[in-house]
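Before any comments, here is the structure.
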Amino acid sequence: MRASAAIHGWLLLLPAAALLALFTHWPVVGTLWDSFHATPKGGRAAPFVGLENYQVMVADEVFWRSLVNNLWYALGTIPLSIALAIVMALWVNSAMRGRTWLRMAFFTPTVLPMIAVANIWLFFYTPQYGLLEQFTSLFGMSSRNWLGDPQTALACVTVVAIWKEAGFFMIFYLAALQSIPPSLGEAAALEGASRGYYFRRVVFPLLMPTTLFVLVNAVINSFRLVDHIVVMTRGGPNNATSLLLFHVYQVGFSFWDTGYAAALTVVLLFILASCAVGQFVFIDKRVHYQ
Amino acid sequence: MTRSEDIARLIETGAAWLLGFLWILPLAYAFWTAFHAPEYSTRFALAAPLTLENFRRAWEAAPFARYFLNSFMLVTMVLGAQLVLCTLAGYAFARFEFRGKDIAFFLVLVQLMIMPDVLIVENYRTMSHLGILDSIPAIGLPYMASAFGIFLLRQTFKTVPRELDEAARVEGAGPLEILWKVYVPLARPVYLAFGLVSVSYHWNNFLWPLIVTNSVNSRPVTVGLQVFSSGDQGIDWSVITAATLMTSAPLLIGFLLFQRQFVQSFMRAGIK
């Protein structure tokens, strides 16, 4: 009976395990392997080059630029989209007038393709006749090319990511808020606690598991999602909006230097793996892995 | 309630509405441009006549019908495969004891962190070895064994009372029959949730399909839209926004019609 259960278990698991091995585990190992090899040319096996790809990386200004950009991008999107998500969830969950409409407005960007969103925002930022320019010109501000200026371009794509993600994270907070028994709020009100105090001391701590869950998602997304970069700036101007994965994409599929692209991917994998380890250390395992 | 509290509430409601307005503004602007003649695309006049001309021009300028068909096939294929694979694997993790189960589960969870989206270089190489570059299966394959789906279904199957399982077994049902007759029907809302999340993910996915496809026969709408709007269209925003709205339309309309289900599904998928 026991043996048959084990066989059944493995048989059930087999199809998914095979695909996972082929398209997740094998590529991770392959990335490491390829990062120590040159880019194969003309059907010959790629020669082992040791750390050469990594030496190229250390000297690659675009890599450093992308890494720094990505960190700023993450620092911009993560806290702001989470803070906005909490505020949105509190509003949508309250008895506020028009909250159904608000929920729709906040959540709509989530169901749109990032590429469509990027097109819409590209139009929004267009010099001279985009909506943003029309608005700033009302105040007599001089015209500027928001996406064409290295000083503002990264901020512009960060705003797009916040706009897209806040509503998505709001949903998780909404779910968490709805699981808080209303009696807690009533008790706090009876005791004369202000809404701010109640939020700080009761609601926010209760939202903590959600915040950690959302945080992990936000970190992954900030290294995973570069669709809007492809559409809006192609990493420019002057690499001001190049993010890590976008650099991988350019090196791998514009310059076809797959050996170096593998080395760059290793950095990305390293960041994501540290994030995973961090999650295991910080998050109470009971919350998500029961 | 005191007067100052009233005023605070009023200000808060105002702030909420302002944020909601800002959130919908880029989309509203795109709608305006898409449904008006190009001369109104940046000028606002209430009397401006509505037109579907931009949609007609966009539809004729690129093989969108084919792109839609490709996306539809992609989404169906991925979801179908995911439902089967994740159900079987989730069932194995929830109700079977076998050696190496914990390690296997850990290896599945790895995909939650390291998604196929970042493994583009190696997966491209694999597809090339398999000889299936530029095909719809090549877009879908890396996503078919979804760690998220396996995890979600495992959690759900674990909540099914053992007694139901035992009762079916006593009647002589095999493991697959039990899965099909007991577990699957009980997990219906979870399937709906997972289905909605999966469909919107794969309809919207862009970078990997962009890399792995290069012909009209396999491109999904997102890639088609990009090829179209970065092509020799100049910058005719009226047509581009029309095309943009067209590609988003199936999900957008679905969302507006079934808002509750959408929101609840995303919630359900997140709580686990």
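The table below lists the values:
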quantity: Among the candidates A:L132, A:L174, A:L102, A:L184, residue that is assigned by TED's automatic domain parsing to the domain that holds A:L207 and farther than 28 Å from A:V203 by Cβ; calculated: A:L132
quantity: Test: residue in the stretch A:176-190 that is buried (at least 17 other Cβ atoms within 10 Å of the Cβ) and within 25 Å of A:M104 (Cα to Cα); calculated: yes
quantity: Cβ-Cβ under 7 Å pairs, at least 6 apart or on other chains, the stretch B:178-195 side closer than 12 Å to B:T87 by Cβ, far side among the aromatic types (F, W, Y); calculated: B:L179/B:Y91; B:Y183/B:Y91; B:Y183/B:F157; B:A187/B:F157
quantity: Positions within the stretch B:248-263 being assigned to a helix (DSSP H, G or I) and either facing chain A (nearest Cβ under 9 Å) or among the hydrophobic types (A, V, I, L, M, F, W, C) (or both), in sequence order; calculated: B:S248, B:A249, B:L251, B:L252, B:I253, B:G254, B:F255, B:L256, B:L257, B:Q259, B:F262, B:V263
quantity: Selection from the stretch A:243-269 of residues that are of a type outside the set (A, V, I, L, M), facing chain B (nearest Cβ under 10 Å) and within 20 Å of A:N221 (Cβ to Cβ); calculated: A:F246, A:Y249, A:T265
quantity: Selected residue (only one of A:S94, A:S4 is among the polar types (S, T, N, Q), loosely packed, with under 14 Cβ neighbours inside 10 Å and at pLDDT below 90); calculated: A:S4
quantity: Any chance A:W33 is surrounded by fewer than 16 Cβ atoms within 10 Å (Cβ to Cβ), part of a helix (DSSP H, G or I) and assigned by TED's automatic domain parsing to the domain that holds A:L268; calculated: yes
quantity: Positions within the stretch B:71-92 being more than 14 Å from chain A (Cβ to nearest Cβ) and not hydroxyl-bearing (S, T, Y), in sequence order; calculated: B:F72, B:M73, B:L79
quantity: Enumerated helices (runs of 4 or more DSSP H) restricted to the stretch A:107-202, each holding at least 3 residues that are within 11 Å of chain B (Cβ to nearest Cβ); calculated: A:114-125, A:131-138, A:153-178
quantity: Residue match in the stretch B:202-225 (condition: in a helix (DSSP H, G or I) and more than 27 Å from B:S135 (Cα to Cα)); calculated: no
quantity: Residue among B:F98, B:F72, B:F55, B:F93 that is surrounded by fewer than 17 Cβ atoms within 10 Å (Cβ to Cβ) and hydrophobic (A, V, I, L, M, F, W, C); calculated: B:F72
quantity: Conditions (1) surrounded by fewer than 21 Cβ atoms within 10 Å (Cβ to Cβ); (2) within 30 Å of B:Y40 (Cα to Cα); number of the one not met by A:L102; calculated: (1)
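So that you can scan it fast, the table gives a plain yes or no per residue for (1) at pLDDT 85 or above; (2) more than 9 Å from every other protein chain (Cβ to nearest Cβ); (3) assigned to a helix (DSSP H, G or I):
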residue: A:H8; (1), (2), (3): yes, no, yes
residue: A:A16; (1), (2), (3): yes, no, yes
residue: A:V28; (1), (2), (3): yes, no, yes
residue: A:G43; (1), (2), (3): no, yes, no
residue: A:V68; (1), (2), (3): yes, yes, yes
residue: A:L80; (1), (2), (3): yes, yes, yes
residue: A:I86; (1), (2), (3): yes, yes, yes
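The values are calculated or read from the model by the stated rules, or taken from the named source; none is laboratory data. Being a predicted model, the structure only gives us computed values, none of them experimental. Note that we place each Cβ from the backbone using ideal geometry, even for glycine, and neighbour counts take in every protein chain shown.
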